[in-house]
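The values are calculated or read from the model by the stated rules, or taken from the named source; none is laboratory data. Nothing here was measured: the structure is a model prediction, and the numbers come from that model. Cβ: placed from backbone, ideal geometry, glycine included. Neighbour counts: every protein chain shown.
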Protein chains: 2
Amino acid sequence: MRILITGGAGFIGSHLCDRMLSDGHSVIAMDNLITGSTENITHITSGQRFRFVVHNVANYINSPESVDAVMHFASPASPSQTAPTSYLQLPIQTLKAGALGTLNALGVAKKHKAVFMLASTSEVYGDPLEHPQSETYWGNVDPVGPRSVYDEAKRFAEALTMAYQRTHGVDTRIVRIFNTYGPRMALDDGRVVPNFIGQALRRTALTVYGDGAQTRSFCYVDDLTDGIMRLLHSGESSPVNLGNPHELTILEFAQTINHLTGNTAGIVFEDGRTHGDPQQRQPDISQAKERLNWKPQVPLEQGLQRTIEFFKEKYASSA
Amino acid sequence: MRILITGGAGFIGSHLCDRMLSDGHSVIAMDNLITGSTENITHITSGQRFRFVVHNVANYINSPESVDAVMHFASPASPSQTAPTSYLQLPIQTLKAGALGTLNALGVAKKHKAVFMLASTSEVYGDPLEHPQSETYWGNVDPVGPRSVYDEAKRFAEALTMAYQRTHGVDTRIVRIFNTYGPRMALDDGRVVPNFIGQALRRTALTVYGDGAQTRSFCYVDDLTDGIMRLLHSGESSPVNLGNPHELTILEFAQTINHLTGNTAGIVFEDGRTHGDPQQRQPDISQAKERLNWKPQVPLEQGLQRTIEFFKEKYASSA
């Protein structure tokens, strides 16, 4: 297969490139490098099977070559209040990546009769009133809140994807990705994993907002890409959740990272930063289990070890 | 003021043109005539104060002339399953009017530092779990259901409007319009008012789907345009509901129309056509009352009389 991956220089996109190439496919990675980085793909040799194109998916995608699959993974995705690459700091770009980006990527799939996959998100469930969240839950999103630039963009992208399937017969997939972690998360991403690991490696106390009782479920990126590949090769056109249902509190998570890094500086608690931030989000992965025969395999400590190794090298090379 | 009205040849848009002109403003009406009709504006003389432009808002809007307000009212809006102009029959156009149309219209407002108003809808509340619906309710919309082409497009449009306000400082308004009726509804619109009046004027029985116990609240279009003008001149950037909170059942509504038209053919009940169709939707208009000093003034029977007159003339001229 020849596959176009938008956001191919991003965290998840670049892992997808690796997986596709190791499965014997050809990849065209597209990225405007606003939140992605060529560092994520420098280990891949350009050639017959891999090509990188700098392009903003919000602009028309010229695609003279035929492709067999289009995977639309381009979007800012960090919910951080402050990180310059977060969707709160890039509101219009985020809305455009979701609407115009999806429209353009669907156009390529339609033109070449390729399979289309939309990278959607657990954020379509917003601040959920049901736990865990199954794909049939319609969500609880404030359409005019600050986070709506991401949540509504992805909900719109899902609606557009279904419309192309129903109207134009495009063979589509929608993956709702829950919290994912692993190597190539950006250092300044603002999300909890790089924040905690960064603090631990600097031997400072880990900052926990609120009382740390809010829970998260973290899926290792290799598990995610495995689920994505299974979904791509399946015939599932309804949305499918991919994530790790193993819930732990932010406090437990901080303690695990201190333990794994040997950081003895402990934990500090700070107020706030929880406005609109869901207290709990956990995937119901029954659909993925039944239809894709998928479930996460990598234990948290093992995934965190690999991620910590990545950040150690990153810090060493940037020091 | 000089005002650009997208969807200016539509049902509500054309009434807005009338109201703006009678208030002494200048109007540029824009419409691609997919669901609008020049019949709605033939009574307006083109000249210094009125101009009509055929244009699809999903395409870039070239606006060399300065405008003081941009009112984005272009979109298919009928939820009918079968009417050729309904959003279910025009899914991609509807999604584009909401996303690309809003983006282009906001671009004009930004360029000319004009006030921007988005015509949003009670459909952002979806199949609501709260009654009546206030502006703080986040809604219950299926992002991948057939109706999502309209609901999610409007939710996206709201998110985009807020992002332009927060990011670019555009002075924005969002009106969430509930069921509206009046002259210039399309005959083949598929909505309950033209359906019932058409059947009554043809002296056939009125078709009620289900048991007729589902309720609706209908606002006369002159009341709506009055509320819109108040909102435009206010400083309200948060969404405001406009609609008539007076609820009646579809059965009561059918009976009233038979009474007003002297139709003695009665009512027939048919199964179904209620999938995804909310059983109940009623605006909480506290915000409009408090902030705009607005409430509907036209009694239902009076509004229906005027609407029936319109349809009588329409049928006479098409006969």
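Out of all the residues in the range A:135-192, which are in contact with a strand residue (DSSP E or B) (Cβ under 8 Å, 6 or more places away or on another chain), farther than 24 Å from A:I41 by Cβ, polar (S, T, N, Q) and not in a helix (DSSP H, G or I)?
Scanning the range A:135-192 gives A:N140, A:T172.
Would you check if B:K289 is basic (K, R) and either surrounded by 15 or more Cβ atoms within 10 Å (Cβ to Cβ) or in a loop (DSSP other than H, G, I, E, B) (or both)?
Answer is no for this residue.
Which ones in the range A:153-181 are surrounded by 23 or more Cβ atoms within 10 Å (Cβ to Cβ), closer than 22 Å to A:H233 by Cβ and of a type in the set (G, A, S)?
A:A157
Right, B:G198: in a helix (DSSP H, G or I) and surrounded by fewer than 24 Cβ atoms within 10 Å (Cβ to Cβ) or not? Steps first, answer last, please.
Details: in a helix (DSSP H, G or I): yes; surrounded by fewer than 24 Cβ atoms within 10 Å (Cβ to Cβ): yes.
Considered against the rule, which asks whether it is in a helix (DSSP H, G or I) and surrounded by fewer than 24 Cβ atoms within 10 Å (Cβ to Cβ), B:G198 comes out as yes.
Taking the range B:292-319 only, how many residues are surrounded by fewer than 15 Cβ atoms within 10 Å (Cβ to Cβ) and not in a helix (DSSP H, G or I)?
5
Give me the pairs, please: first residue somewhere in the range A:144-159 and more than 7 Å from chain B (Cβ to nearest Cβ), second residue anywhere and assigned to a helix (DSSP H, G or I) and of a type in the set (D, E, K, R), beta-carbon distance under 7 Å, and either six or more positions apart or on two chains.
Going by the 7 Å Cβ cut-off, the qualifying pairs are A:Y150/A:E123; A:D151/A:E123; A:K154/A:E123.
Let's see how each residue does on (1) within 14 Å of chain A (Cβ to nearest Cβ); (2) under 28 Å from B:P146 (Cα atoms); (3) touching a residue at least 40 places away in the same chain (Cβ under 8 Å):
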position	(1), (2), (3)
B:I228	no, no, yes
B:S234	no, no, yes
B:S237	yes, no, yes
B:N244	no, yes, yes
B:T249	no, yes, no
B:Q255	no, no, no
B:N258	no, no, yes
B:T261	no, no, yes
B:I267	no, no, yes
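Test A:N56 against the stated conditions and say whether it is among the polar types (S, T, N, Q) and modelled with pLDDT of 95 or more.
Working: among the polar types (S, T, N, Q): yes; modelled with pLDDT of 95 or more: yes.
Considered against the rule, which asks whether it is among the polar types (S, T, N, Q) and modelled with pLDDT of 95 or more, A:N56 comes out as yes.
Filter the range B:210-259 down to the residues that are touching a Ser or Thr at 6+ places or on another chain (Cβ under 6 Å) and part of a strand (DSSP E or B), then identify the one that is modelled with the lowest pLDDT.
Out of the qualifying residues, it is B:T215.
Of a type in the set (A, V, I, L, M, F, W, C), in contact with a Pro (Cβ under 7 Å, 6 or more places away or on another chain) and within 14 Å of chain B (Cβ to nearest Cβ): is that true of A:L106 in this structure?
On the way: of a type in the set (A, V, I, L, M, F, W, C): yes; in contact with a Pro (Cβ under 7 Å, 6 or more places away or on another chain): no; within 14 Å of chain B (Cβ to nearest Cβ): yes.
Here the answer is no, as A:L106 does not meet what is asked.
Counting only residues that are of a type in the set (K, R) and within 17 Å of A:H15 (Cα to Cα), how many does the range A:300-313 have? Outline the logic, then answer.
To start, the set of residues in the range A:300-313 that are of a type in the set (K, R) comprises A:306, A:312.
Next cut, within 17 Å of A:H15 (Cα to Cα) only: A:306.
Result for the range A:300-313: 1.
Please go through the range A:109-135 and pick out each residue that is β-branched (V, I, T) and more than 9 Å from chain B (Cβ to nearest Cβ). Quick ask: steps written out before the conclusion?
So in the range A:109-135, the residues β-branched (V, I, T) come out as A:115, A:121, A:124.
The answer is A:V115, A:T121.
When residues of the range A:30-81 are filtered for being free of Cβ contacts under 8 Å to residues at least 24 places away in the same chain, among the polar types (S, T, N, Q) and farther than 27 Å from A:R230 by Cα, how many remain?
Here the count works out to 1.
Only one of (1) hydroxyl-bearing (S, T, Y); (2) in a loop (DSSP other than H, G, I, E, B); (3) farther than 30 Å from B:Y150 by Cβ is not met by A:T207, so which one is it?
(2)
Sort through B:K96, B:K113 and tell me the only one that's modelled with pLDDT of 95 or more and within 23 Å of A:P143 (Cα to Cα). Steps first, answer last, please.
Details: B:K113 fails: within 23 Å of A:P143 (Cα to Cα).
After applying the criteria, what remains is B:K96.
Could you please let me know if A:T38 is surrounded by fewer than 17 Cβ atoms within 10 Å (Cβ to Cβ) and over 24 Å from A:S78 (Cβ atoms)?
Answer is no for this residue.
Residue-wise test of (1) among the charged types (D, E, K, R); (2) more than 15 Å from A:M185 (Cβ to Cβ).
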residue	(1), (2)
A:R281	yes, yes
A:I285	no, yes
A:R291	yes, yes
A:Q297	no, yes
A:E301	yes, yes
A:I308	no, no
A:Y315	no, no
A:S318	no, no
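Which one of these does A:M20 not meet: (1) more than 19 Å from A:Y181 (Cβ to Cβ); (2) touching a Leu at 6+ places or on another chain (Cβ under 9 Å); (3) crowded, with 20+ Cβ neighbours inside 10 Å?
Of everything listed in (1) more than 19 Å from A:Y181 (Cβ to Cβ); (2) touching a Leu at 6+ places or on another chain (Cβ under 9 Å); (3) crowded, with 20+ Cβ neighbours inside 10 Å, A:M20 misses just condition (2).
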